[in-house]
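Down below is the structure, laid out as structure tokens.
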Amino acid sequence: MSRALATSDPSQGSRPALQALPADLDPTRLPAHVAVIMDGNGRWARRRNLPRVMGHREGVEALKRTLRLCSDWGIGALTAYAFSTENWSRPGEEVSFLMALFERVLARELEALDREQVCIRFLGDLQQLPDGLQELIANAEARTASNSGIHFNVCTNYGGRRELVRAARRLAEQVARGELDPAAIDETAFAAELHTAGECDPDLLIRTSGEHRISNFLLWQLAYAELHVTDVLWPDFDAQALTLALLDYQGRQRRFGGIDPVSP
Ligand code: IPE
Ligand code: IPE
Ligand code: MG
């Protein structure tokens with residue numbers, strides 16, 4: 001499906017050539033859905049004696065790179081953690097910079113994303129975002145909804161706990177209206193009330209910058225994801241780092257609570 005990019009008319013834009021899947025990766029065992037906690041922008045900047053926000057700017061380039069690679073390599077969905085419900089506690093200037101950056105990048109990149117058949121969605125409590133950003137998001141989601149390429153989910157003002165509470169409330173409201181029998185609430189019904197409804201759970205979670213924690217990301221959906229932590233800081237994340245994450249993933253035995261089929 002994301003292979004649609006391969007056949008798109010090159011005269012339509014300046015998209016770089018398709019990148020081939022590295023030979024050491026097995027094309028039949030790629031994750032269908034990759035999630036990424038893009039961490040380390042501030043440290044990347046600090047190491048260069050730059051203001052933290054320069055790290056965020058460079059982080060956008062890493063995200064564009066990663067999206068293109070995932071699309072080119074046939075990965076069905078990429079979900080990126082851009083701003084958490086806890087990130088409002090950062091200095092006001094940094095928060096304002098990030099909101100303005102999201103607006104600028106979305107306005108600038110939408111046309112190319114659409115042309116490349118990316119289907120973009122923003123997951124989180126969007127009502128708290130600046131009005132201009134909310135409008136851009138609504139427009140981007142509507143414009144790309146029927147695209148046939150990679151699903152690109154950007155978690156913005158996203159918190160796993162908030163998402164779970166929201167799902168519980170939505171189900172409770174349906175019960176209160178007499179539309180839902182509490183006995184009918186199962187895992188499928190619950191998952192349908194999450195922001196990620198309709199998307200398969202991530203197979204692989206990548207966290208950059210060496211932190212070994214989830215930071216309130218996709219608490220439900222990561223139940224059986226394989227975890228890959230790299231010391232690479234997000235702005236430095238590139239094809240080599242993604243290849244290493246995918247090789248790590250392909251070396252894992254996923255058991256989902258069962259046993260290794262070849263064990264005695
Ligand atoms: C991740 O980088 C980006 C966001 C959370 C918005 P950080 O800004 O957390 O970078 P560090 O962790 O301070 O290096
Ligand atoms: C997680 O990074 C959130 C995003 C990448 C958007 P943080 O930098 O906010 O996480 P903590 O505070 O180190 O756990
Ligand atoms: Mg951080």
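The values are calculated or read from the model by the stated rules, or taken from the named source; none is laboratory data. Treat the numbers as computed from the prediction; the structure is a model and nothing was measured. Positions of Cβ are backbone-derived with ideal geometry, glycine not excepted, and every protein chain shown enters the neighbour counts. With ligands, DNA and RNA removed, areas are computed over all heavy atoms of the protein, side chains included. Shrake-Rupley method; radii C 1.70, N 1.55, O 1.52, S 1.80 Å.
Answer yes or no as to whether Tyr249 is closer than 30 Å to Ala20 by Cβ and either open to solvent by 50 Å² or more (accessible area, probe 1.4 Å) or part of a strand (DSSP E or B) (or both). Judged against the criteria, Tyr249 is not a match.
Per-residue answers, yes or no, for (1) away from ligand 3 (no atom under 16 Å from the Cβ); (2) open to solvent by 10 Å² or more (accessible area, probe 1.4 Å); (3) touching a Leu at 6+ places or on another chain (Cβ under 6 Å):
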{"residue": "Leu21", "(1), (2), (3)": "yes, yes, no"}
{"residue": "Val34", "(1), (2), (3)": "yes, no, yes"}
{"residue": "Arg47", "(1), (2), (3)": "no, yes, no"}
{"residue": "Met54", "(1), (2), (3)": "no, yes, no"}
{"residue": "Ala62", "(1), (2), (3)": "no, no, no"}
{"residue": "Ala82", "(1), (2), (3)": "no, yes, no"}
{"residue": "Glu93", "(1), (2), (3)": "yes, yes, no"}
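Among the conditions (1) surrounded by 14 or more Cβ atoms within 10 Å (Cβ to Cβ); (2) within 14 Å of ligand 2 (Cβ to nearest atom), Trp88 misses just one, which is (1).
Within the range 84-93, is there a residue that is of a type in the set (S, T, N, Q) and under 13 Å from the mean Cα position of the chain (by Cα)? Yes: one or more hits. Considering Leu164, Leu133, which residue is away from ligand 3 (no atom under 16 Å from the Cβ) and more than 21 Å from Gly59 (Cβ to Cβ)? After ruling out the rest, the residue left standing is Leu164.
When Ser209 is tested against (1) within 16 Å of ligand 1 (Cβ to nearest atom); (2) more than 29 Å from Leu30 (Cβ to Cβ), exactly one condition is not met: (2). Any idea which of Gln250, Gln174 is at pLDDT 95 or above, away from ligand 2 (no atom under 15 Å from the Cβ) and closer than 24 Å to Ile75 by Cβ? Within the list Gln250, Gln174, the selection yields Gln250.
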